[in-house]
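The numbers here are math on the coordinates, done by the rules we state, and not lab data. Nothing here was measured: the structure is a model prediction, and the numbers come from that model. Note that each Cβ is placed from the backbone with ideal geometry, even for glycine, and that neighbours are counted across all protein chains shown.
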Amino acid sequence: MSGSRRVFSIPPGAPFLPTLAEALLSGRLVSGFRFDGDPLALADATIYVPTRRAARALRGVFVDCLGGRSAILPVIRPLGEFDEDEAAFEADASAAIDLAPPIAAIERLLLLAPLVRAWKRRLPAHVAALFDEEIVVPASAADAIWLARDLARLMDEIETEGTDWTRLADLVTGNLAGWWQVTLDFLSIVTENWPNLLEERNRSNPAAHRNALIRLEAARLKRNPPTGPVIAAGSTGSIPATAELLAVIAGLPSGAVVLPGLDRMLDEPSFQAIAVPGARPALLGHPQYGLAKLIGKIGVLRGDVEEIAVAERPLALRAALVGEALRPAETTELWVETRARFTAGDITEAFADVTLLEAAGERDEAVAIAVALKRAVEQPGQRAALVTGDRALARRVSVELLRFGVVADDSGGTPLIN
């Protein structure tokens, strides 16, 4: 560990939540804390996890680990969801009391849509003066709401990153500057008109409100460090405010941060190339970029991060091979050396349970996945999951599973239209 900061990692081949629970109970995470059968011991612990689903699952894991023994479980909170009423009773509660409530999603859309339509009415003359041509703009209320939804999403992204809207004017020059000026004119809806609407209604943007709550929680922990364990687990710190909170937790006397799958096998020059300031934009999508940036924010080196589990050999080999395949372009010349470390048997063992399926179409893809999931859950005690960023695919698979009498627990929810 680096100084007093405690940062751990669980490799991708190990079960994350069971490993986390066992490490806390055994005393490996926090010095001086160990569950010795006292039913009140865990009540002093607070654990932050990324989502509500993870919080529910972790509670179940603790029940399993306790093996039927009576105990009050730790306080398990999703990151970004904090009790404003509780914060109001803190000694220095002025910041929490002054926070304007977040505006509801529907209300925000209905307020943005008229602003979009007003922009549309003045745009054609502006564009004609610049380019002497027409441009397709929102022609109906439905179009305006569609564009307002995209604008709201952009607002959330920019405020999540803590970026200043005024910097947008300096992004583009040259041949694109004329069209970029049209875009800036559209974004003036946010930079000029939207703040006034929020102030009139005493509301705030959801992303800004969440960031403020996270920073208030970080300030509270730093000002009054809890006596019990405080653990943040499973977050990559992709939101800057969350990274600040994790840095505070790592430095608490009884704090610890548990990272999900930090790559400890990649050589140091390659790992440093991932998060070097001014790195190529392509590196921003590297799976380890967020973690590399986070440990820098916390103030620890990768070598100071301790792994608290060991993955089974096939899964460890798979992680090593995938890490090599995703090596930054700056050090790909090392493939000549690293390839010799893996025998043909190692590669076969690593991907023995991996199947590549090339479906003829979207329906065949969904049916194939549904059949694989059905066969998996038919085994006693077996669980299966589909991880995808394609919501349409997830819905198709859920429908196909219904044909087999399997009801999928879709974390993305179901649209009202369905």
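Remarks
- Relative contact order for the stretch 219-288, counting Cα pairs under 8 Å that sit 6 or more residues apart, in percent: 29 percent
- Against the empirical curve 2.2 N^0.38 Å, the C-alpha radius of gyration of the chain lands at a ratio of 1.15.
- Other-chain or far-sequence residues with amide H under 5 Å of Tyr48's (modelled H): Arg77, Ile231, Ala232, Ala233
- Electrostatic tally near Ala208: other residues with Cβ closer than 10 Å to its Cβ, Lys and Arg +1, Asp and Glu -1, net -1.
- Point-to-point label distance, Ser411-Val387, nm (Cα→Cβ direction, 7 Å offset): 0.9 nm
- The chain - percent relative contact order, Cα under 8 Å, separation 6 or more: 22 percent
- Inter-centroid distance (Cα atoms) of the stretch 296-347 relative to the stretch 14-59, Å: 28 Å
- Residue order for Asp346, Asp164, fewest other beta carbons within 10 angstrom first, comes to Asp164, Asp346.
- Angle between the chain longest axis and helix 313-325 axis [Cα atoms, degrees, rounded to 10]: 40 degrees
- Cβ charges +1 (Lys, Arg) and -1 (Asp, Glu), total dipole of the chain, debye: 580 debye
- Placed amide H near Asp410: partners under 5 Å, 5+ positions off or other chain: none
- In order along the stretch 191-206, the Karplus-derived 3J(HN,Hα) couplings, from 6.51 cos²θ - 1.76 cosθ + 1.60 at θ = phi - 60°, round to 6, 10, 8, 5, x, 5, 5, 5, 5, 4, 9, 6, 10, 10, 5, x Hz, and Gly and Pro are given as x.
- Listed residues Val322, Val49, Val406, most fluctuating in the chain (Gaussian network, C-alpha, under 10 Å): Val406
- Under a 5 Å amide H cut-off, with hydrogens placed 1.01 Å from N, Ser9 pairs with Leu259, Glu306, Glu307, Ile308 among residues at least 5 apart or on other chains.
- Straight Cα distances below 23 angstrom link Lys222 to the lysines Lys293, Lys297, with same-chain residues fewer than 8 positions distant left out.
- For the chain, built as a Gaussian network whose Cα springs stay under 10 Å, the top-fluctuating residue of Gly278, Gly32, Gly381: Gly381
- Rounded tilt (10° steps) of 105-131 against the dominant C-alpha axis of the chain: 50 degrees
- Residues Val116, Val367 arranged by fewest to most Cβ contacts within 10 Å: Val367, Val116
- Phi to ³J(HN,Hα) by Karplus 6.51 cos²θ - 1.76 cosθ + 1.60 over the stretch 245-252, Hz, x for Gly, Pro: 5, 5, 5, 5, 4, 4, x, 5
- Working note: Karplus 6.51/-1.76/1.60 with θ = phi - 60° gives the stretch 299-310 the couplings x, 10, 8, 4, x, 7, 7, 9, 7, 10, 7, 10 Hz, where Gly and Pro are set to x.
- Residues Ser70, Ser270 in ascending order of nearby Cβ atoms (within 10 Å, fewest first): Ser70, Ser270.
- Degrees, to the nearest 10: 362-377 long Cα axis against longest axis of the chain: 30 degrees
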